[in-house]
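Single-structure report; data block below.
The values are calculated or read from the model by the stated rules, or taken from the named source; none is laboratory data. Quick caveat: nothing in here was measured; it's all calculated off a predicted structure. Cβ placement follows ideal geometry from the backbone for every residue including glycine, while neighbour counts extend to all protein chains displayed.
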């Protein structure tokens, strides 16, 4: 059934509803300009099966992925709730919330309009916040391979900076950050880039420049709450390296008070004891 | 609010009214027609906007006509016409007439609102406020009534009333355009009353409901103004919140454009609805009229705004100033930096650049501050802050402990900024810069220039005192005495009197006038009770007693000195001076007591570990080895995890020493003669055993070091190297300064330069005040030399000999410097340094052999063959222990002879090499054979 069974021009009504349709209310925009309102979509190999109204009943129509210009998926509510959870420092909750989105969008990863890449980025952030770097890196690489949007590609690249720092490949890490800082217009990406650059500079013991990098977040991107804990912890460490114990303590206390659930707050408690 | 809405509803009733006139029995048909004509005329004039005429004609009509309820619209229109004509007094009167005639008329609500509005616009604020208050009960008019009622109260100067009215409007969620406008007004009123918390809260609320704000340009402007207001009142944190809430230009244009489009869409949607449902026409027409007005207004504001340059610089400079005022200097520097680097031609550039360099100076970013000072002086040579910046350039250099740069800057500014208001200070600080650099004569010259140029300057006393001090520091004690006494005469109550009297005692000490020094110091203590310099004075007093062999008094004074010392330097000096005397007298029990007291007195001092080391040493001296070992082991366990505690290595070495030391048998103890000797390795393991099991890498590394030390003391070089090699497998982060140096040296010896560099760099970066820092300078210098990076190599060697008090690696650093100078053909300088190395008795050994050989090489480069040969001969004659240099020297000596055409002597030299069996395996032996062959001789 579907276009492999009938030529495209006959792909109007094919069969009665079969299989599971998970979501409803999407519009399928074809490259021909045609717009198909569907009540649900599912993936069947290379085909996207759309449930459509046929008279008083309904049927399924199959479209090859190559024929589709875009599917207008509504933004999943869980994207916002997961980002909010990340912003509060509750990475575990964010992970649970975003996994449900990814569970659906995995099948539409390669379809324009899919929320897969954005959801995957949230998952990478959640895993990184939970110190599950290896899993985060696997997904980040997958994102890079799958997307054409340069902003998303940059965001995914930035998620890999942590691994480069651990391998002492500081030049490459800083180059990725600088590229994002120069070319991105997205505030989330910019906040991410500055934080990652701070990490790379601090790892090279360049505390002055690291501090300036971290401070970009609370000064210019303070709405990007998910990066604030890292930026604050990094700033505190940089202050400490500069022997400015007072500011180090103030920053750690600010982190603990503002983001008590975050992993960085726990690290801050330990570091305060050393000061 | 326009009352033009009345036009359309009245138009529908024209026919009705005409009929009414037509049907009325009282007027004659002619009068009816006249009245109808007047009515139509009036309505047409109203529709055409000729409100005054409309009002006049309609009033004439109602005066002539007999009253009927059908005249209701006419009475309403009269009031509307007067209102639209701006004649508010008559509008109010007309509306009152309407109310009296039609108390429940169809337009009663509009009339009540219109009357209130007319009173507001006619400045009858009290009436307006009470009328609007009455309208609050009408749900259709509630928000407008609250807003305009508050406006009336505000205009009447009744701010509290205005506030309480607006609180009713904005108390909950902001759900409409009027509530948003009300919130903006309320924010301004709160700001007037200084209630900044409420202001910030409202700003936040407004920004969270930005979708309802039609006039975003206006909101942004209000937000910034509120911020400025708060800044003036020194509520910097709140001002910061306001500035942060301001949108950048691009975003304002985008949002405002979207808002205008949304209003236009609303207008179009209203028209569509009205076409499909004419009954809603009137109400929608009113809304549309308002929308049209708002669209025109906001479009105009947007166009004006779009012509303006970016507001980002204006916001950024405000942000930067706020951050500075709330002591967030780094953040301030960051914003200024962004401003300066992103925006080239803006009015704010000069203050931003100045703000940046001030912030950088405050956060001790001296180099960056210097660079920005230079930038300022390039871009704003005659700028309003040029004088200050010129002065700051030197100050920042002094702050960075770079007196040479400070000299250059102050000198330059004094030349180029002849009229600077900082000239006095700069002249003085230039002298100070030379003083700091130890250039005494030049400092004196500058200070004299100061006194001549500024005889009444603000630093005259300082300069006079410093002139005396230069004599002290340059060792001209007699002159210093005279100058100091002159100072005291001139400034009997001056700020340096206590220091001057101390320096006089120092001069007398230098002249060995110990009894006078003792008297002076005692007098000083009486005169300056509680002075923070007491520790130094007591140390000098103790030194004098020690110099006159009054050790008991000296020790007591040293103890007093360390207890009162204001600096660690004086504290340590006095403590260890007392210890030395006690050690010299063999009073080890008192040494232990001294350091025990010290630990009790200053338990947090970094010298505590050294103190424990000496206590252990004292115990060992008294034969109490086990006790000494226990003290060492306990102390080690306490501090072994902390790589910053450098003295732990001292204790580890001491522990190893104590393990190696044979224990004396205890007198009278029969068992002592039969007790088997404990293996030192096993004993060390036992002492540090628990420590090794600790997971900390720092502890594990230190245990390896202890084992290496033990092997060294037991003359087991292979075992020592094995343990040191293991150190090199640790991460640099985990090692203490000494171990970083040792691991680096090991790797350097293995020619693993990049790995070694990491250890040295860690030492340099993390422990800039370590006693082991010379390992880093030397190691990095050697690596650079190996990689032929001669410039870097020289920098490291120079820094190692000049910037720090190198102890363990001074010889290597000096030699390294000499090698680089030789490699870069700076022969005179190289010669000087090699001669220095060769002359140091403590360094006698291979370094001397190499130095003498190098001196020969220098002469050879100059083709001074005889002189060169003399050096080479010195090596193979005087340093026979150092075979590589001996072998090389033989060859070079032979070559010198050849250059001097003394072939036979050359051949003899080569043969002498070959006769030395110890040199048989060296490459030079084969070379000697070749040389002989070339000379036609045999070996």
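Overview of values
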quantity: Single match in B:331, B:338, B:258, B:250 (criterion: assigned to a helix (DSSP H, G or I), within 14 Å of chain A (Cβ to nearest Cβ) and at pLDDT below 90); calculated: B:250
quantity: Selected residue [out of contact with any strand residue (DSSP E or B) (no Cβ under 8 Å at 6 or more places or on another chain), under 21 Å from residue A:31 (Cβ atoms) and not in a loop (DSSP other than H, G, I, E, B)] from A:126, A:119, A:66; calculated: A:66
quantity: Of all residues making up the range B:310-327, the number that are over 14 Å from residue B:247 (Cα atoms) and more than 13 Å from chain A (Cβ to nearest Cβ); calculated: 3
quantity: Only one of A:187, A:224, A:264 that is closer than 18 Å to residue A:84 by Cα, at pLDDT below 95 and within 12 Å of chain B (Cβ to nearest Cβ); calculated: A:187
quantity: Number of the exception - residue B:284 against (1) more than 14 Å from chain A (Cβ to nearest Cβ); (2) at pLDDT below 85; (3) surrounded by fewer than 16 Cβ atoms within 10 Å (Cβ to Cβ); calculated: (3)
quantity: Residue within the range B:881-890 that is modelled with pLDDT of 95 or more and either outside the structural domain of residue B:935 (by TED's automatic domain parsing) or over 59 Å from the mean Cα position of the chain (by Cα) (or both) present; calculated: yes
quantity: Any hit, the range B:344-353, residues being farther than 30 Å from residue B:255 by Cβ, in a helix (DSSP H, G or I) and modelled with pLDDT of 95 or more; calculated: yes
quantity: Any chance residue B:480 is surrounded by 15 or more Cβ atoms within 10 Å (Cβ to Cβ), over 38 Å from the mean Cα position of the chain (by Cα) and in a helix (DSSP H, G or I); calculated: yes
quantity: Residue match in the range B:168-176 (condition: out of contact with any helix residue (DSSP H, G or I) (no Cβ under 9 Å at 6 or more places or on another chain) and either crowded, with 21+ Cβ neighbours inside 10 Å or within 22 Å of residue B:199 (Cβ to Cβ) (or both)); calculated: yes
quantity: Residue within the range A:243-254 that is in a helix (DSSP H, G or I), more than 24 Å from residue B:251 (Cβ to Cβ), within 21 Å of the chain's Cα centre (by Cα) and away from chain B (no Cβ under 14 Å) present; calculated: no
quantity: Verdict on residue B:902 being exposed (fewer than 15 other Cβ atoms within 10 Å of the Cβ) and within 25 Å of residue B:864 (Cα to Cα); calculated: no
quantity: Tally of residues being more than 17 Å from the chain's Cα centre (by Cα) and within 11 Å of chain B (Cβ to nearest Cβ) across the range A:190-199; calculated: 0
quantity: Flag if residue B:99 is surrounded by fewer than 18 Cβ atoms within 10 Å (Cβ to Cβ), touching a helix residue (DSSP H, G or I) at 6+ places or on another chain (Cβ under 7 Å) and not in a loop (DSSP other than H, G, I, E, B); calculated: yes
quantity: Among residues of the range B:354-387, those that are in a loop (DSSP other than H, G, I, E, B) and within 14 Å of chain A (Cβ to nearest Cβ), counted; calculated: 3
quantity: Test: residue in the range A:200-219 that is more than 14 Å from chain B (Cβ to nearest Cβ) and free of Cβ contacts under 8 Å to residues at least 40 places away in the same chain; calculated: yes
quantity: Helices (runs of 4 or more DSSP H) within the range B:621-699 that include 3 or more residues crowded, with 16+ Cβ neighbours inside 10 Å and modelled with pLDDT of 80 or more; calculated: B:625-639, B:647-660, B:680-693
quantity: Residue match in the range A:131-145 (condition: touching a strand residue (DSSP E or B) at 6+ places or on another chain (Cβ under 8 Å), in the same structural domain as residue A:224 (by TED's automatic domain parsing) and more than 20 Å from residue A:200 (Cβ to Cβ)); calculated: no
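Here's the yes/no breakdown for (1) touching a helix residue (DSSP H, G or I) at 6+ places or on another chain (Cβ under 7 Å); (2) over 22 Å from residue A:149 (Cβ atoms); (3) at pLDDT 85 or above:
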residue	(1), (2), (3)
A:22	yes, yes, no
A:34	no, yes, yes
A:43	yes, no, yes
A:79	yes, no, yes
